[in-house]
Amino acid sequence: MKTYKVLNHPTKELEAVKSGIAWLAIPFFPWWFLFRRLWMIFLSYILIILILASIDYEIYGYLGWIFNFSTKPNDLQILIFIAEIVILALPAFKGNDWTINNLQKKGYKILYSVQASSKKEALELAQTKKVDQDLVN
């Protein structure tokens, strides 16, 4: 079972976002941002990647030190490589939080946190809870 945060909007339908790691953010990196409509984060990431790639190219050449096994990398090369790995892995760890923040900016409010095996089930559970709560009120 996974934990989902269910968000409610006054005029739109419920949304559910999984808590934890966004595994699809790593292999489908640029498309994942676009699918989630995280436009500003997408543009920021593209800009950061272009800056890091240009630094890599200026300092180390076309293929960098990764494919040149005849020389030992210096500390700066290792530091830049680690920074690139961290930046590319960050969407997996923060992606779902970014999605929730983006929905909240659009007027959604966190309604429930539910345990479910899928997003569809989380939405069904939240809808049932919402109906039960409306009946009590």
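The values are calculated or read from the model by the stated rules, or taken from the named source; none is laboratory data. Bear in mind the structure is a predicted one, so any value in this text is a computation, not a measurement. We place every Cβ from the backbone using ideal geometry, glycine too, and count neighbours over all the protein chains shown. Please note that ligands, DNA and RNA were not included when accessible areas were found on the heavy atoms of the full protein model with its side chains. Shrake-Rupley method; radii C 1.70, N 1.55, O 1.52, S 1.80 Å.
Using beta carbons and a limit of 8 Å, which pairs, at least six apart or on different chains, have the first residue in the stretch 37-60 and without any contact (Cβ under 8 Å) to a residue 12 or more places away in the chain and the second one not in a helix (DSSP H, G or I) and not hydroxyl-bearing (S, T, Y)?
Matching pairs, first to second residue: Y57/G64.
Output the number of the condition that K72 fails; it satisfies all remaining conditions of (1) open to solvent by 80 Å² or more (accessible area, probe 1.4 Å); (2) modelled with pLDDT of 75 or more.
Against the list (1) open to solvent by 80 Å² or more (accessible area, probe 1.4 Å); (2) modelled with pLDDT of 75 or more, K72 comes up short only on (2).
Going residue by residue through the stretch 55-64, is there one that turns out to be open to solvent by less than 50 Å² (accessible area, probe 1.4 Å), modelled with pLDDT under 80, among the small types (G, A, S) and over 22 Å from T3 (Cα atoms)?
Yes.
Could you grab the pairs with beta carbons closer than 8 Å, sequence gap of 6+ or different chains, first residue in the stretch 103-114 and modelled with pLDDT under 95 and open to solvent by 60 Å² or more (accessible area, probe 1.4 Å), second one of a type outside the set (V, I, T) and assigned to a loop (DSSP other than H, G, I, E, B)?
Listed pairs, sorted by first residue: K106/H9; K109/H9; S113/S19.
Quick check on my filter: what residues within the stretch 39-54 are open to solvent by 90 Å² or more (accessible area, probe 1.4 Å) and among the aromatic types (F, W, Y)? Reasoning before the result, please.
Restricting attention to the stretch 39-54, the residues satisfying the condition of being open to solvent by 90 Å² or more (accessible area, probe 1.4 Å) are 39-40, 43, 47, 50.
Passing the criteria: only W39.
Any residue in the stretch 77-88 that is more than 19 Å from F29 (Cβ to Cβ) sitting within a Cβ distance under 6 Å of a residue that is open to solvent by 40 Å² or more (accessible area, probe 1.4 Å)? List the pairs, counting only those 6 or more apart or interchain.
Pairs that qualify, where the first residue is more than 19 Å from F29 (Cβ to Cβ) and the partner is open to solvent by 40 Å² or more (accessible area, probe 1.4 Å), are Q77/W65.
Name the residue that is most open to solvent (accessible area, probe 1.4 Å), counting only residues in the stretch 26-38 that are touching a helix residue (DSSP H, G or I) at 6+ places or on another chain (Cβ under 8 Å) and modelled with pLDDT of 85 or more.
Among them, the one singled out is R37.
Scan the stretch 7-18 and report the pairs whose first residue is closer than 17 Å to A116 by Cβ and open to solvent by 100 Å² or more (accessible area, probe 1.4 Å) and whose second residue is of a type outside the set (K, R) and assigned to a loop (DSSP other than H, G, I, E, B), with Cβ atoms within less than 9 Å and a gap of 6+ or a chain change.
none
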